[in-house]
1. List every residue pair whose Cβ atoms lie under 6 Å apart, where the two residues are 6 or more positions apart in sequence or sit on different chains, the first residue falls within the stretch 97-116 and is open to solvent by 30 Å² or more (accessible area, probe 1.4 Å), and the second residue, located anywhere, is outside any strand (DSSP E or B) and not aliphatic (A, V, I, L, M).
2. Give the residue, chosen from Val63, Val36, that is outside any strand (DSSP E or B) and touching a residue at least 12 places away in the same chain (Cβ under 8 Å).
3. Can you tell me which residue is surrounded by the most Cβ atoms within 10 Å (Cβ to Cβ) among those in the stretch 7-47 that are charged (D, E, K, R) and closer than 24 Å to Thr92 by Cα?
4. From Val24, Val51, grab the single residue that is touching a Phe, Trp or Tyr at 6+ places or on another chain (Cβ under 7 Å) and not in a loop (DSSP other than H, G, I, E, B).
5. So Gly101 ticks every box in (1) in contact with an Asp or Glu (Cβ under 9 Å, 6 or more places away or on another chain); (2) assigned to a strand (DSSP E or B) but one. Which box is left unticked?
6. Among the residues of the stretch 88-96, are any under 19 Å from Ile129 (Cβ atoms), open to solvent by 50 Å² or more (accessible area, probe 1.4 Å) and not in a strand (DSSP E or B)?
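The values are calculated or read from the model by the stated rules, or taken from the named source; none is laboratory data. Quantities reported herein were computed from a predicted structural model and do not represent experimental measurements. So basically every Cβ, Gly included, is an ideal-geometry build from the backbone, and we count neighbours across all protein chains shown. Note: areas computed on protein heavy atoms with side chains; ligands, DNA, RNA excluded. Shrake-Rupley method; radii C 1.70, N 1.55, O 1.52, S 1.80 Å.
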Amino acid sequence: MFTGIIEAVGSIKAINVNSQGARVEIATGSLDMGDVHLGDSIATNGVCLTVVAFDQHSYCADVSTETLTRTGFTHYRAGQKVNLEKAMLATTRFGGHMVSGHVDAISEVATIKSTGNSTEYWLTMSEEIAPYIAEKGSVTIDGISLTVNKVTENQFMLTIVPHTTEQTIIGTYQTGTVVNVEVDVVARYLERLLLKQSSNNAAMQNESESSGVTRELLAKSGFRST
């Protein structure tokens, strides 16, 4: 689990594609590697990767074919800058929101507009993630915990302050830049619960209809729903 608060900006040293996907080597920049162990998770542009080798200045991780096809990794090349965050500790200050490191979709930067001391970024929004993107709700872009400020039918807008621009890779974005998107994990679980409840209600309705017992019949007989 992560918080979406970026700890450092690193860069891709190498991507070696193989039959199972790829192995990537990441230069960690200012990220403190002193407490990192084999098997630890590091969010790399919002993608949870498992450390398989490391030193004080870099780490290696395997990237599956699924990850390559569903995230921005398919577009990445050596030299690409990436946002880095180590998995949170129980004692970590929770400054962002719950981030799983599982990317739901990719989006593209549609427009960039400077507004005083901040910058507005409009991103494309596919149908698969549209139900989870809400005005003033949380979203993770390339591992950064951000707030959605406006939503249209097929785009959403982020307002980025200078600190975020300085501490992450957002300042490198241009029109057409592909980014990783993770929707709010609470929204995903809420949808799952609602779908399950709807399925159960439909099953009960079918069962009552097949037995001849309906809500109308129960109401006429004096039963009241609570």
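1. Short answer, once both residue conditions are applied: Ile106/Gly72; Glu108/Gly176.
2. So the residue among Val63, Val36 that is outside any strand (DSSP E or B) and touching a residue at least 12 places away in the same chain (Cβ under 8 Å) is Val36.
3. Once the filter is applied, the top-ranked residue is Glu7.
4. Step by step, each of Val24, Val51 is checked, and only Val51 is touching a Phe, Trp or Tyr at 6+ places or on another chain (Cβ under 7 Å) and not in a loop (DSSP other than H, G, I, E, B).
5. (2)
6. Taking the stretch 88-96 first, the residues under 19 Å from Ile129 (Cβ atoms) are 96.
Cutting the leftovers down to open to solvent by 50 Å² or more (accessible area, probe 1.4 Å) gives us none.
Checked against the condition, which is being under 19 Å from Ile129 (Cβ atoms), open to solvent by 50 Å² or more (accessible area, probe 1.4 Å) and not in a strand (DSSP E or B), the stretch 88-96 yields no hits at all.
Let's see how each residue does on (1) under 22 Å from the mean Cα position of the chain (by Cα); (2) surrounded by 13 or more Cβ atoms within 10 Å (Cβ to Cβ):
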| site | (1), (2) |
| --- | --- |
| Leu49 | yes, yes |
| Asp55 | no, no |
| Glu66 | yes, no |
| His75 | yes, no |
